[in-house]
Every structure is written in structure tokens, then in C-alpha cells.
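A quick write-up on the structure given underneath.
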């Protein structure tokens, strides 16, 4: 079956622009996660959606970052007024029920801010 | 807060050598522990997991045992292959005493493994 799909795979944009990153989780997975992988900070949790519950936004680094998940499926991570320190690989993962269930990762979106 | 510390890399081994990558953690409650692997040019994949103390996770010849007394989850393989060259991440997700599990993962910094023929 299809895995977690992320688009675009690469994004280059100018500082100050807004970007949207998309994640299509595995069908039927109720939990969806966003992480960021950067050289300086390693792998960091950003946000977690579980079913219809309010998302856990505790990892978002600033109010320029937001995410939504529509219809319990596709998720979009939006970064407003991008800064150079936002350059990283943004990873999406999904799991069947959340909690201790293994997470299945997409290949990520490599974001470069000029 | 929760944290995971991995041995610093990179680690370079010859084929058929024994591998150990150390991982220790700090967490309250009842964490579940994971090893993820990232092969060159690919996404993160779950390698193995353990959800309670003394559990042993195993997959593809790799093993790790959840040691609560030493707060460790070291990854081992008896005979590595060139195809094992990858970045390995130790991670935890936390559960409270009531059994509610919070799925977000806290990762170690990753260990680069290179295996030469």
C-alpha cells in the first residue's frame, strides 16, 4: 500500500515568503505528526494530530508556524515570513492509533530559504 | 523534560564486525523506546521497539533491550554488513502512570554508521 506522501520534495524560497508543505498520511491512520530535521538541532517534534482531539502544538518554534489537518487526513504545515533558520527537512509521520504505535515517515520536504 | 543521548559518531566498522551504539534516556513515567534507521537517500524507518522494561526488540539481526535500571536501550548487531551503513536514531515516546501514551517522539542526535567491505 502507499506510504506517507509529502510534497513538494524540495522547496527553495526567498526570505520573508510564506510556504505550505503538504502531507498525505497512510489511509486509515488517525495520528499525524510533523517533525523538523536540521543540522544544528537534529530531529525535533513540531505538532501532533490525533483523531478529532485538539492538536498538540507544543513543538512549534514560533507563531509563524501553523498546521491544520482537514477531514482527518491530509495535513498542511504553513510557515509565514520565512527566515533562514527555517531551512531544514520537514518530516511527516502517521500511525494507526497514535500513542506507542510505530510511526511511518514520509521522505520529507527539504526547505531552503535564500 | 524527556531526553535521549546517543553515543557520538561517526562509527566506522569492517564487514562482519560487532556493532554497539549506546543510547541512554531521561524520562518520567513509562517511556516506550525505539530505534529508527535512515538509509542514504531514504526516509526514516522503524528498526525495532520495546514498550516496557526488560523487553527486547529485534529486527534484521539488530537487538536492543530496554534496561530501566540503567535507563539504556543500546543497539547491537553481531555481524554488520555494508548494507547496514545508515544513520541510526534512538527515540522515546512517553506514557504517564495511567497508561496514556503521548505519541510524539523525542530523538537522540543520530549516529552515522559506515561499514566497509
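The values are calculated or read from the model by the stated rules, or taken from the named source; none is laboratory data. Because the structure is a prediction, the values reported are computed rather than measured. Because the Cβ atoms are built from the backbone with ideal geometry, glycine has one as well, and the counts that use them run over all protein chains shown.
Could you figure out which of (1) buried (at least 19 other Cβ atoms within 10 Å of the Cβ); (2) in contact (Cβ under 8 Å) with a residue 60 or more places away in the chain; (3) more than 9 Å from every other protein chain (Cβ to nearest Cβ) isn't true of residue A:10?
(1)
In region B:16-114, which strands (runs of 3 or more DSSP E) lie fully inside it and hold 3 or more residues that are within 11 Å of chain A (Cβ to nearest Cβ)? Steps first, answer last, please.
Details: elements: B:19-21, B:23-26, B:32-38, B:44-50, B:56-59, B:62-65, B:75-77, B:86-95, B:101-107.
It comes to B:32-38, B:44-50, B:86-95, B:101-107.
Scanning for something closer than 15 Å to residue A:4 by Cα, touching a residue at least 12 places away in the same chain (Cβ under 8 Å) and either in contact with a helix residue (DSSP H, G or I) (Cβ under 6 Å, 6 or more places away or on another chain) or surrounded by 13 or more Cβ atoms within 10 Å (Cβ to Cβ) (or both), does region A:53-65 turn up at least one residue? First the steps, then the outcome.
Let us first name the residues in region A:53-65 that are closer than 15 Å to residue A:4 by Cα, namely none.
There is no residue in region A:53-65 that is closer than 15 Å to residue A:4 by Cα, touching a residue at least 12 places away in the same chain (Cβ under 8 Å) and either in contact with a helix residue (DSSP H, G or I) (Cβ under 6 Å, 6 or more places away or on another chain) or surrounded by 13 or more Cβ atoms within 10 Å (Cβ to Cβ) (or both).
Could we say that residue A:21 is modelled with pLDDT of 95 or more, buried (at least 17 other Cβ atoms within 10 Å of the Cβ) and within 14 Å of another protein chain (Cβ to nearest Cβ) here?
Numbers: modelled with pLDDT of 95 or more: yes; buried (at least 17 other Cβ atoms within 10 Å of the Cβ): yes; within 14 Å of another protein chain (Cβ to nearest Cβ): no.
When the stated conditions are applied, residue A:21 does not pass them.
Looking at the structure I just gave you, is residue A:40 in contact (Cβ under 8 Å) with a residue 24 or more places away in the chain and either loosely packed, with under 13 Cβ neighbours inside 10 Å or under 14 Å from residue A:108 (Cα atoms) (or both)?
Values: in contact (Cβ under 8 Å) with a residue 24 or more places away in the chain: no; either loosely packed, with under 13 Cβ neighbours inside 10 Å or under 14 Å from residue A:108 (Cα atoms) (or both): yes.
Considered against the rule, which asks whether it is in contact (Cβ under 8 Å) with a residue 24 or more places away in the chain and either loosely packed, with under 13 Cβ neighbours inside 10 Å or under 14 Å from residue A:108 (Cα atoms) (or both), residue A:40 comes out as no.
Based on what the data block shows, is residue A:110 under 19 Å from residue A:13 (Cα atoms), within 14 Å of chain B (Cβ to nearest Cβ), in a strand (DSSP E or B) and free of Cβ contacts under 8 Å to residues at least 60 places away in the same chain? If you could, list the steps in order and put the result at the bottom.
Values: under 19 Å from residue A:13 (Cα atoms): yes; within 14 Å of chain B (Cβ to nearest Cβ): yes; in a strand (DSSP E or B): yes; free of Cβ contacts under 8 Å to residues at least 60 places away in the same chain: no.
No; evaluated as a whole, the condition is false for this residue.
Given the residues A:90, A:35, which is the only one that is facing chain B (nearest Cβ under 9 Å) and surrounded by 15 or more Cβ atoms within 10 Å (Cβ to Cβ)? Reasoning before the result, please.
Values: A:90 fails: facing chain B (nearest Cβ under 9 Å).
Checking each option against the conditions leaves just A:35.
State whether the residues of region A:40-54 include one that is assigned to a loop (DSSP other than H, G, I, E, B) and at positive phi. Even if it seems obvious, please write down each step before you answer.
Within region A:40-54, the first condition is being assigned to a loop (DSSP other than H, G, I, E, B), and the residues that meet it are A:40-41, A:51-54.
Okay, now just the ones that are also at positive phi, so A:51.
Yes: region A:40-54 contains one or more residues that are assigned to a loop (DSSP other than H, G, I, E, B) and at positive phi.
For residue A:28, state whether it is farther than 30 Å from residue B:6 by Cα and more than 10 Å from every other protein chain (Cβ to nearest Cβ).
Details: farther than 30 Å from residue B:6 by Cα: yes; more than 10 Å from every other protein chain (Cβ to nearest Cβ): yes.
Criteria met by residue A:28.
Out of the residues in region A:41-66 that are modelled with pLDDT under 90 and out of contact with any strand residue (DSSP E or B) (no Cβ under 9 Å at 6 or more places or on another chain), which is farthest from residue B:2 (Cα to Cα)?
A:52
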